[in-house]
1. What number of residues in the stretch A:548-558 are surrounded by fewer than 17 Cβ atoms within 10 Å (Cβ to Cβ) and more than 6 Å from RNA strand B (Cβ to nearest atom)?
2. Sort out which residues of the stretch A:57-72 are within 6 Å of RNA strand B (Cβ to nearest atom), in a helix (DSSP H, G or I) and closer than 14 Å to residue A:43 by Cβ, and write them in order of number.
3. Looking at the stretch A:314-337, which of the residues that are under 14 Å from residue A:366 (Cα atoms) and crowded, with 18+ Cβ neighbours inside 10 Å is nearest to RNA strand B (Cβ to nearest atom)?
4. Could you list, ordered by first residue, the pairs with Cβ atoms under 6 Å in which the first is in the stretch A:54-69 and touching a residue at least 12 places away in the same chain (Cβ under 8 Å) and the second is assigned to a helix (DSSP H, G or I) and within 8 Å of RNA strand B (Cβ to nearest atom), at least 6 apart or interchain?
5. Quick check on my filter: what residues within the stretch A:23-54 are part of a helix (DSSP H, G or I) and either touching a helix residue (DSSP H, G or I) at 6+ places or on another chain (Cβ under 6 Å) or farther than 24 Å from residue A:69 by Cβ (or both)?
6. Could you tell me whether the stretch A:562-583 includes any residue that is touching a residue at least 12 places away in the same chain (Cβ under 8 Å), in contact with a helix residue (DSSP H, G or I) (Cβ under 7 Å, 6 or more places away or on another chain) and either outside the structural domain of residue A:479 (by TED's automatic domain parsing) or not in a helix (DSSP H, G or I) (or both)?
7. When the residues of the stretch A:241-254 are narrowed to those that are touching a residue at least 24 places away in the same chain (Cβ under 8 Å) and touching a helix residue (DSSP H, G or I) at 6+ places or on another chain (Cβ under 7 Å), which ends up surrounded by the most Cβ atoms within 10 Å (Cβ to Cβ)?
8. Does the stretch A:462-476 hold any residues that are touching a residue at least 60 places away in the same chain (Cβ under 8 Å) and closer than 16 Å to residue A:540 by Cα, and which are they?
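The values are calculated or read from the model by the stated rules, or taken from the named source; none is laboratory data. None of the values given here were measured: they were computed from a predicted structure. Using ideal geometry, Cβ is built from the backbone for each residue, glycine included, and neighbour counts are taken over all protein chains shown.
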RNA sequence: GCGCCCAUAGCUCAAUUGGAUAGAGCAACGCCCUUCUAAGGCGUAGGUUCCAGGUUCGAGCCCUGGUGGGCGCACCA
């Protein structure tokens, strides 16, 4: 991925410079015959883990050892001797099996503070001339009820991935695929109608397979407001001659299907649809509002039903047909996905003429690419991994490069209250909706906790920890660092002193305070942390980064008082703190977490 | 049975994507508030990275085979 960087004084830029120096050294060595001409090393410059290893390090000498048939340490010596002069380096050292360690001048290291202060909110962000258009689709839960806690991780992960991609130069569109077609939605409509009948005074057993949540009653009330009693029918006309429901020893699936059919008969298509729409809109709006409370906003709410209306489904199937990827068997139309690595072929159109959910999915993905996205990212729950192959098969069959579809799976999170596991079943739980979780734990802790682990790892989410207000809780730990800095700056405001950036920078560049060096080093890593997070879809890198930066700051704060008489020390400490504050705020905002002024 | 994901300190998790002596937090123990927010800091202790092989200068990371756990194998959405 080639990107144009607009900032300086960070490790990104340092690495590029040092890579250039090493390349020059290698050219020299090849030219004077010290190294064979046919070497083509990939020069890697990395951050060091240990301060004694300098600021940056390269392993080129080791990677060259074989081709050059020489001891890596000897090669390292040759390279360091051939390095051109540079004002950013104080010295180089050769260490271990053949690492070259680079020590950066403190003036270069301080530069990052200047950049942060001048770039503010933009520090760490990448601007690209022709940004890639990336769509990120996430959550996309069925609109048959409120979001439950199981959706929280996908929501937080997807939103953060989208924001980080946008911060690193992509043109990002966030999308929610609304599964507003299909049987589950009909069951919802029927459930609403039955609750409506109850509101109208009818009395009967609610179907075992119906939606029983409180929200169904609420929606039914809306229906009653709009339709008054015009949709009311007697219990007898509704329930006569139906198969048995499950509690009576029947099949709850057959029962509910029969009930849906009865419902459409009695209401007629138009009224049924009207009722359906009220349910859909109410729940979709509720989900939208819920996610907004999480700080998550979408550019597009894409309706599955619209795919049928627009002809996209037919068009997608026609396209597969033309390319010879469909065949008929047993009256069904099949997509030959086995040609593209799938285990078995898949039905796209049933004998009765109805297209399958998978057919909609094919059309939806075709639609995404037709809208001009360069890349399409789907965030799915881990239980959907079986669909990856068939969807990729379909888009390949349609003539798109399947690499343009990136599916990220999010593993389930298990909720704990202390050591006790929180059951999430609808039956037992007072604690099932995402809204409840947010109300109990708070938006910030929810957002942070959900992205603090790698997405493909299972995670334990401890409610007590998320709610605790102590250093145990990483959210508060980071926010507290930000609030502390704000507090000092407030005190500064009230004092006779004023912040003098030039004095501070000058003093900082000649300081030999170890805590300051650690902070400068950490600040320098922010842009590349964002890039790593974006390139690998790993927002936890940002969360971990912020924990480290906050930790560095707390250490510093504890042993270095800022509002002191010494003008140089005072200003250097203050501007460094301002830089920390800025980067904390930048990072937190990507995670959807507030950076409070005081706590 | 087949496929995907995971396994790291007593617990929850990292490890710059193949680099140097595997790091944080919690829990345990010992310190630091007359000081800008102690919602904080300093220190001690804690490891056969599930097991067995392999690849190479070098493996927690890659390959093969196991063990254990999660998930998925619909003409459901």
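1. 1
2. A:62, A:63
3. Initial filter on the stretch A:314-337 (under 14 Å from residue A:366 (Cα atoms)): A:314-320.
Next cut, crowded, with 18+ Cβ neighbours inside 10 Å only: A:316-317, A:320.
Working: A:316: 16, A:317: 14, A:320: 16 Å.
Across the stretch A:314-337, the extreme among qualifying residues is A:317.
4. A:61/A:72; A:62/A:72; A:65/A:72
5. Within the stretch A:23-54, A:25, A:28, A:29, A:51, A:52, A:53 qualify.
6. Narrowing the stretch A:562-583 to residues touching a residue at least 12 places away in the same chain (Cβ under 8 Å): A:562-563, A:567-583.
Restricting the remaining residues to those that are in contact with a helix residue (DSSP H, G or I) (Cβ under 7 Å, 6 or more places away or on another chain) gives A:562-563, A:567-569, A:571-572, A:574-583.
Checking which are either outside the structural domain of residue A:479 (by TED's automatic domain parsing) or not in a helix (DSSP H, G or I) (or both) leaves us with A:562-563.
Looking for residues that are touching a residue at least 12 places away in the same chain (Cβ under 8 Å), in contact with a helix residue (DSSP H, G or I) (Cβ under 7 Å, 6 or more places away or on another chain) and either outside the structural domain of residue A:479 (by TED's automatic domain parsing) or not in a helix (DSSP H, G or I) (or both), one finds at least one in the stretch A:562-583, hence yes.
7. First pass over the stretch A:241-254, keeping only residues touching a residue at least 24 places away in the same chain (Cβ under 8 Å): A:245-247, A:252-253.
Narrowing the set further to residues that are touching a helix residue (DSSP H, G or I) at 6+ places or on another chain (Cβ under 7 Å) leaves A:245-246, A:252.
Details: A:245: 22, A:246: 15, A:252: 17.
By that ranking, first place goes to A:245.
8. Selection gives A:474, A:475.
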